[in-house]
Amino acid sequence: MADITESTTVAPAKSKVSSAPEKSSAPVGRGEATRGQVIVHVRFHPSGKVNTVNHRPDRVDPQDWFDLLCRRAPPSSYQALAGGRGVFHIQSDAFDAIWQDHEI
């Protein structure tokens with residue numbers, strides 16, 4: 001019978017220097033954010049009504065603010081996400097104009 005021998009090769013140890021890219025100063029989150037852009041996060045109830053919207057005036061109802069953003073923001077600025085969520089990517093100057101028109 002032939003002898004079966006097993007050989008193992010040990011890989012050389014790698015240096016402790018990380019090859020990971022440096023951390024970016026960009027905001028943490030999904031998608032691409034650019035300087036001069038406001039990202040508005042929306043969460044929906046299972047019924048489809050708006051539950052919460054960040055970056056809205058205090059006295060404006062979340063559903064009303066979402067409806068307003070849908071009317072005033074460019075159509076390509078909204079992105080639907082899984083799990084009853086969505087985001088608007090709106091240029092800062094456009095968002096400021098919307099905010100100032102509807103702040104109470």
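Just so it is clear, none of the values below were taken in a lab; they were calculated from the coordinates. Predicted, not measured: the structure shown is a model, and the values here were computed from it. With ideal geometry, Cβ positions are generated from the backbone for all residues, glycine too; neighbour counts draw on all protein chains shown.
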Zone residues, region 56-85, relative to D101, backbone N less than 14 Å from point 7 Å out along Cα-to-Cβ: 65-75
Fully extended contour minus Cα-Cα distance, from A94 to D58, at 0.36 nm per residue: 11.0 nm
Summed residue charge, Cβ within 12 Å of T52's Cβ, Lys/Arg positive, Asp/Glu negative: +3
Paired Rg and Dmax values of region 37-102, which use every Cα atom, in angstrom: 11.1, 33
